[in-house]
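Report on the following structure.
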Amino acid sequence: MRILLIEDEAGIADFVSRGLREAGYAVDVADDGPSGLESALAADFDLVLLDIMLPGMDGITLLRRLREKRRRFPVLLLTARDAVEDRVRGLDSGADDYLVKPFAFPELLARVRALLRRPAEGAEPVIRVGRYELDPAKKEVRREGDLIDLSAREYGILEYLMRGEGRTLTREQIEDHVWNFDSSPGSNVVDVYIGYLRKKLDRPAEESLIRTVRGIGYRVEAPGDR
Ligand code: CA
């Protein structure tokens, strides 16, 4: 487990990082806002411990930037005793918990353990099929890392098919799943959308990610698995 500590008070940084290392965590330390943000964006941390009063950029601003960039790791704020407003702003900005200074190390450790057990909000696992990756939390689809621009309906159909990888889904199932009762689609609308999806997803001379199962419906399968 890798933890980033962003704290400008050398005494606290030293005491916390030493304790966490002794408890078996890998710890990186940043001592101002900008370098903290840079570190947080550069590596895949499991948790960030974030002081609010920091030189260069305060912790709340830093936290907002992280959440804007969709970094979802848990963040534990380290705050001063009287800064109730800061704590509220911090939680509103996407912090998971806070700890008031001065704190006892065992309490910090207990909070850290609790946060590492709790899955990060919205961190639904990414679905991978062949070259394609679908991230349900971000509603994004990538092919070998390149973002593919899909409409909401195209995305909905693809997510349903990818979640059922290897399973043939009928046109009726796809309709029921993707359209609500108020907007009942026409007879061949699923086929039309599958056509749009193939145009966006597939490259010429490649087998389509979405396979037609004649007379039944469609199935997603990595081309190599056929
Ligand atoms: Ca500080």
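Readers should treat all values here as calculations from the given coordinates under stated rules, not as data from a laboratory. The structure displayed is predicted, hence computed values, not measured ones. Cβ atoms come from the backbone with ideal geometry, glycine included; neighbour counts cover every protein chain shown.
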Exercise for review: Report the relative contact order of the range 127-225, percent, no decimals, based on alpha-carbon pairs under 8 angstrom and at least 6 residues apart.
Suggested key: 30
Exercise for review: Equivalent ellipsoid semi-axes for the chain, as square roots of 5 times the alpha carbon gyration tensor eigenvalues: give them largest first, rounded to whole Å.
Suggested key: 46, 18, 15
Point to revise | the range 44-152, relative contact order [Cα under 8 Å, separation at least 6], % | key: 20
Practice item. Calculate, in nm to one decimal, what THR212 and ALA104 gain on full extension: separation in residues at 0.36 nm each, minus their alpha carbon distance. Key: 32.7 nm
Revision key, fill the gap. Computed from the beta carbon distance with a Förster radius of 30 Å, FRET efficiency for ALA222 and LYS199 to the nearest 0.05 stands at 0.95
Study note, to complete from the structure: Taking a crude spin-label model, label points 7 Å out from Cα along the C-beta direction, the VAL88 to ASP32 distance in nm is 3.2
Review point. Restricting to lysine pairs 8 or more places apart or on different chains, what number in the chain have Cα atoms under 28 Å apart?
Key: 7
Exercise for review: Quick one: compute a quarter of the convex hull surface over the Cα atoms of the range 2-117 and quote it in nm².
Suggested key: 6.2
Point to revise | Volume in Å³ per residue [convex hull over Cα atoms, computed for the range 127-225] | key: 100
**Study point:** FRET E, pair ASN188, ARG67, Förster distance 41 Å, beta-carbon r, rounded to 0.05
**Key:** 0.45
Exercise for review: Go through 146-157, 130-141, 197-208 and give me the packing order, highest mean Cβ count within 10 Å leading.
Suggested key: 130-141, 146-157, 197-208
